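*Asks:* Okay, here's the structure, questions in a sec.
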Amino acid sequence: MMNASPRMTPPVRPEIEFDVTPPAELGDVAKPLSMLEKLTENTAVRRGLILVVIALVWEAYGRWLNSPLTFPTFLDTLEALRDGIASGVIPQRLSVTLQTLVVGYFIGLIVAAVLTTVAVTSRIGTDLLSTFTAMFNPLPAIALLPLALLWFGLGRPSLIFVIVHSVLWAVALNMHSGFLSVSETLRMAGRTFGLKGLRFVFGILIPAAFPAILAGLKIGWAFAWRTLIAAELVFGVSSGQGGLGWYIFENRNTLDTAAVFAGLLTVMAVGLLVEAVIFRIIEAKTVRRWGMQRG
Amino acid sequence: MSQALDAQAAPDAQTLKPLVSVEGVTLQYKTPDHLVTATYRVSFEIFQRERLVLLGPSGCGKSTLLKAIAGFLQPVEGVITLKDRVVSGPGPDRMMVFQEFDQLLPWKSVCANVAYPMLVNGVGKAEANERALEALAKVNLTKFVDAFPHMLSGGMKQRVAIARAMAMKPDVLLMDEPYAALDALTRRKMQDELLQLWEDIGFTLVFVTHSIEEAVVVGSRVVVLSPHPGQVRAELNCHELGFGQRDSVEFGRLTNRISHMLFDGQSIAH
């Protein structure tokens, strides 16, 4: 039974000094990882593995269902995709879609940057941005499409209008909250250097808020991509030039379900490519190199 | 400090003009509920090459005072002048080193961090780079010029901040509890390095701290502030007391005297 009183003093023990082995004589302090450990550390390998598993499950389910009209197998879809690419239809539709997308995306970014810069430099600008984002952010871009058609007619300008709408608010909201979270110390440091106005925004605020801005860019990209495909599905063809959404719609009308899947797969592949390659490269060169985000 | 330096820095204060003068400065800041008076009619002067320490318990407005000298806030009463010009905003003639480690720009390498304020102020690229490397050599960071701030330890980050401030060759260097977030061993080393730098370069320093010992070691003159709101309680000389004198009778006497001032005669254990 440990019946020590709370005031019991600990025993006084003799002092000891040891000789420490020099690190050089300890042998390997760091040892290389095994091949398997290196592979499981690699993000690309891990994600690739997930894709393989999904493809296998898809193929198995498709074969078990045995109904190409409602659910084609993975291999059928790949074949349709190959045919689509070989005939040049998918690349052509994709390039139409991407062109519209890039124009809309960048207009959206520029407008967002201007709005946010006004918002951080004046109080009325802040109120303006908060009110606008609160009003328009919840409004689905696709809901504006009928109006856009009325204003800009059946064609690319209407699509660009809805893309700008879908990108603008998400990016502006992220940029603004990024700017607000820049630490007071960093702001004061910038001001002691003599930075003011736009130079302050570009020299301190934008790089310091870059993790949030990048998150905004990613969300904006996903919104834009989604909105565009949806808009194309609704009224894809304009002056004889349909995009990927139109491709999907067309093939559904002819009940070529494998080609519909091929179209969807292309949509996903482009999304994945931009996310996993382009944005990842930007991240590696910026926020992760700067230690602002862990890899 | 050494005898030779004392002899050299001996001109009569009456004939010299102060570099910075703080005259009857009352500072206030707003919180959501209150208008807080941080300092009340504080006056003191800073001369060239002085190491002036603002010392006081937390809440005496010493940091606020330093920020006012830096130009981040305007006195509601009184005036702060630097070289006879009224301080009206922050500027590179009063570089500041903060307590927080995040004062470095994480997206720039160590060398680029030090060079950046110079580039902003129109110094040529080659010269800025050269001065940056020189300043980094002075704080023993030559090996880390290409590293990014997140790879450095806290002490190293503060050294970079000091190098960055010094490379600008400001009229006065402002330091706001720069070593408060460091461990005791590193802090001591950094204080020693700062004094060494001062002997090498001879800058003018305003240093804020709440540690009596740090004040006496780092400073050549200590302004003791009383709390809530800050008023000048005393201006004391400690230019003869440095690291070497830490165990001396004079050192103990001065720190005792200061702690009595700060704690209004309450006895405190040492």
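The values are calculated or read from the model by the stated rules, or taken from the named source; none is laboratory data. Model, not experiment: these values are computed from the prediction. As a convention, Cβ positions derive from the backbone with ideal geometry for all residues, glycine included, and neighbour counts pool all protein chains shown.
*Asks:* Go through (1) within 23 Å of B:L195 (Cβ to Cβ); (2) surrounded by 19 or more Cβ atoms within 10 Å (Cβ to Cβ) for B:R49 and report which single condition fails.
*Replies:* (2)
*Asks:* Further, regarding this structure: Name the single residue, out of those in the range A:151-177 being among the small types (G, A, S) and more than 16 Å from the chain's Cα centre (by Cα), that is surrounded by the most Cβ atoms within 10 Å (Cβ to Cβ).
*Replies:* A:S158
*Asks:* On to the next question. Can you name the residue in the range A:201-210 that is crowded, with 19+ Cβ neighbours inside 10 Å and within 9 Å of chain B (Cβ to nearest Cβ) and is also farthest from the chain's Cα centre (by Cα) among such residues?
*Replies:* Only one residue fits best here, namely A:I204.
*Asks:* Restricting attention to the range B:93-106, which residues are touching a Ser or Thr at 6+ places or on another chain (Cβ under 9 Å) and surrounded by fewer than 20 Cβ atoms within 10 Å (Cβ to Cβ)?
*Replies:* B:Q99, B:D102
Matching residues to (1) acidic (D, E); (2) outside any loop (DSSP other than H, G, I, E, B); (3) within 13 Å of chain A (Cβ to nearest Cβ):
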{"site": "B:A132", "(1), (2), (3)": "no, yes, no"}
{"site": "B:A135", "(1), (2), (3)": "no, yes, no"}
{"site": "B:N140", "(1), (2), (3)": "no, no, no"}
{"site": "B:A147", "(1), (2), (3)": "no, no, yes"}
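*Asks:* Next question. Restricting to the range B:110-130, what's the tally of residues that are in a helix (DSSP H, G or I), over 16 Å from B:R159 (Cβ atoms) and away from chain A (no Cβ under 11 Å)?
*Replies:* Summing the residues that are in a helix (DSSP H, G or I), over 16 Å from B:R159 (Cβ atoms) and away from chain A (no Cβ under 11 Å) in the range B:110-130 gives 6.
*Asks:* Being more than 12 Å from every other protein chain (Cβ to nearest Cβ) and either touching a Leu at 6+ places or on another chain (Cβ under 6 Å) or under 27 Å from B:D192 (Cα atoms) (or both): is that true of B:R85 here?
*Replies:* Judged against the criteria, B:R85 is not a match.
*Asks:* Restricting attention to the range A:171-189, does a residue exist that is of a type in the set (V, I, T) and within 14 Å of chain B (Cβ to nearest Cβ)?
*Replies:* Checking the range A:171-189: at least one residue is of a type in the set (V, I, T) and within 14 Å of chain B (Cβ to nearest Cβ).
*Asks:* Please state which one of A:I213, A:I278, A:I248, A:I229 is under 24 Å from A:V103 (Cβ atoms) and either in contact with a strand residue (DSSP E or B) (Cβ under 9 Å, 6 or more places away or on another chain) or surrounded by fewer than 22 Cβ atoms within 10 Å (Cβ to Cβ) (or both).
*Replies:* On inspection, the qualifying residue turns out to be A:I278.
*Asks:* All but one of (1) within 29 Å of B:M168 (Cα to Cα); (2) modelled with pLDDT of 85 or more hold for A:S158; which doesn't?
*Replies:* Of everything listed in (1) within 29 Å of B:M168 (Cα to Cα); (2) modelled with pLDDT of 85 or more, A:S158 misses just condition (1).
*Asks:* Name the pairs: first residue in the range B:61-89 and touching a residue at least 40 places away in the same chain (Cβ under 8 Å) and in the same structural domain as B:A165 (by TED's automatic domain parsing), second residue in a helix (DSSP H, G or I) and surrounded by 21 or more Cβ atoms within 10 Å (Cβ to Cβ), Cβ to Cβ under 6 Å, at least 6 apart or on different chains?
*Replies:* Every condition considered, no pair remains.
*Asks:* Can you tell me which residue within the range B:58-82, out of those that are part of a helix (DSSP H, G or I) and either touching an Asp or Glu at 6+ places or on another chain (Cβ under 9 Å) or aliphatic (A, V, I, L, M) (or both), is nearest to the other protein chains (Cβ to nearest Cβ)?
*Replies:* Only one residue fits best here, namely B:A70.
*Asks:* Please verify whether A:L198 is within 14 Å of another protein chain (Cβ to nearest Cβ), surrounded by fewer than 16 Cβ atoms within 10 Å (Cβ to Cβ), more than 20 Å from the chain's Cα centre (by Cα) and not basic (K, R), treating the condition exactly as stated.
*Replies:* Yes, satisfied.
*Asks:* If you don't mind, another one. Would you be able to say whether some residue in the range B:91-98 is within 14 Å of chain A (Cβ to nearest Cβ), assigned to a loop (DSSP other than H, G, I, E, B) and of a type in the set (A, V, I, L, M)?
*Replies:* Yes, because at least one residue in the range B:91-98 is within 14 Å of chain A (Cβ to nearest Cβ), assigned to a loop (DSSP other than H, G, I, E, B) and of a type in the set (A, V, I, L, M).
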